[in-house]
1. If we scan segment 180-189, do we find a residue that is surrounded by fewer than 18 Cβ atoms within 10 Å (Cβ to Cβ) and more than 19 Å from Q134 (Cβ to Cβ)?
2. Criterion first (surrounded by fewer than 20 Cβ atoms within 10 Å (Cβ to Cβ) and in contact (Cβ under 8 Å) with a residue 40 or more places away in the chain) does R159 satisfy it?
3. State which residue is farthest from A101 (Cα to Cα) when the search covers only segment 10-33 and only residues that are over 14 Å from the mean Cα position of the chain (by Cα), surrounded by 15 or more Cβ atoms within 10 Å (Cβ to Cβ) and of a type outside the set (V, I, T).
4. Inside segment 92-133, can you point out the residues that are among the charged types (D, E, K, R) and over 10 Å from the mean Cα position of the chain (by Cα)?
5. Can you tell me which residue within segment 190-219, out of those that are of a type in the set (K, R) and either crowded, with 20+ Cβ neighbours inside 10 Å or touching a residue at least 40 places away in the same chain (Cβ under 8 Å) (or both), is nearest to K102 (Cα to Cα)?
6. Which one of these is touching a helix residue (DSSP H, G or I) at 6+ places or on another chain (Cβ under 6 Å) and either farther than 17 Å from S19 by Cβ or part of a strand (DSSP E or B) (or both): E147, E138, E126?
7. Out of L54, L61, L77, report the one residue that is under 18 Å from R103 (Cβ atoms), surrounded by fewer than 17 Cβ atoms within 10 Å (Cβ to Cβ) and aliphatic (A, V, I, L, M).
Amino acid sequence: MEKLIEKASRMIEPNMIVSFGGGRTVSRLIKSIDTSKISVASPSEQTRNLCQSLNIPVIPLEQIKQFDLAFDGCDSLDSQLNVLKSNGGIHTFERLYANLAKRYIIMAPQARYTEKLNPQVQLTLEVLDMAIPQVLDEVSILGGNAETRQSQDLAGMVRTPNGNGLVDCHFDDWENIDLINSKLSQMTGVLGTSYFKNIVTDALLATDDDVKHIKKEDL
C-alpha cells in the first residue's frame, strides 16, 4: 500500500481543506504528510483521536462549506465507482462529509474493485430502535435477510455515534440494489444506508506493484 499512500499524498496541496475518513490506510496517509499546511476534518472518532495524538487540529464539520478532497475506504466498489461502506458503521457521518467534497477519493486494494458490488458485503442501515422491527420485515419482503449488529465486547447491539442501531441486510446479489436501497432508505426511522451511489469521484486501487487511479469522468 506504500505506493497508494504516495499517490494520495501527491494529490494534497497547501491550503487545501481535507477530510480523512476511518481505517488503517487513512491513518497511514495522515502520518505520511505535512498537515501543517492544510486544514483537517474527519467523520471518524478514531481518526480524530489519531489527529489529537499527533497534535493536528481538527475542524468541526459545521465550520466547513466545502472540502477540496475527502479520502475514505470502502468494503466493495463497482465499475461505476458506487460503493458499499458497511463495516465501519459510521456511514451516515461519512456521507455528510462526502457530500461536501469536490473530489471524494476511495482508497482500497484492487481486490475490492469488481464489475458488480460484492454480494458478500452487506448493506447496512442506521435505524432508530423503534423502527427496527419494521425494517427487518421489509427486508424479508424484498427477498433478503437482515439482523441487528451485535457487539462482540458488550451485551446488546452495536451503537452508532448517534446512539442508533445498525441493521445488516443480506441479499443473494446486488442486481437490484438501487431499488432495495431506495425502498429501505425511505422508511421512517432509517437515518442512512451504506450504499454510496454517484458520490465517489476517484478510486485509488493498490495492485501488487502499482496503483490504479480511476476517475469518474473517464468512465
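Read-outs throughout are calculated quantities, based only on the coordinates presented, and are distinct from any laboratory measurement. What you see is a predicted model, and the numbers here were worked out from it, not measured in a lab. Neighbour counts are summed over all protein chains in view; Cβ atoms, including those assigned to glycine, are modelled from backbone coordinates with ideal geometry.
1. Filtering segment 180-189 down to residues surrounded by fewer than 18 Cβ atoms within 10 Å (Cβ to Cβ) leaves 182-183, 185-189.
Next, only the ones that are more than 19 Å from Q134 (Cβ to Cβ) stay: none.
Within segment 180-189 (the criterion being surrounded by fewer than 18 Cβ atoms within 10 Å (Cβ to Cβ) and more than 19 Å from Q134 (Cβ to Cβ)), the answer is no, since none of the residues qualifies.
2. On the way: surrounded by fewer than 20 Cβ atoms within 10 Å (Cβ to Cβ): yes; in contact (Cβ under 8 Å) with a residue 40 or more places away in the chain: no.
No: the conditions fail for R159.
3. Of everything passing the filter in segment 10-33, R28 is farthest from A101 (Cα to Cα).
4. The first filter runs over segment 92-133 and keeps only residues among the charged types (D, E, K, R), leaving 94-95, 102-103, 112, 115-116, 126, 129.
The answer is K102, R103, R112, E115, K116, E126, D129.
5. So the first thing to find is which residues in segment 190-219 are of a type in the set (K, R), and the list is 197, 212, 215-216.
Next cut, either crowded, with 20+ Cβ neighbours inside 10 Å or touching a residue at least 40 places away in the same chain (Cβ under 8 Å) (or both) only: 197, 212, 216.
On the way: K197: 15, K212: 20, K216: 12 Å.
Across segment 190-219, the extreme among qualifying residues is K216.
6. Values: E147 fails: touching a helix residue (DSSP H, G or I) at 6+ places or on another chain (Cβ under 6 Å); E138 fails: touching a helix residue (DSSP H, G or I) at 6+ places or on another chain (Cβ under 6 Å).
Being touching a helix residue (DSSP H, G or I) at 6+ places or on another chain (Cβ under 6 Å) and either farther than 17 Å from S19 by Cβ or part of a strand (DSSP E or B) (or both) holds for just one of E147, E138, E126, which is E126.
7. On the way: L54 fails: under 18 Å from R103 (Cβ atoms); L77 fails: surrounded by fewer than 17 Cβ atoms within 10 Å (Cβ to Cβ).
The match here is L61.
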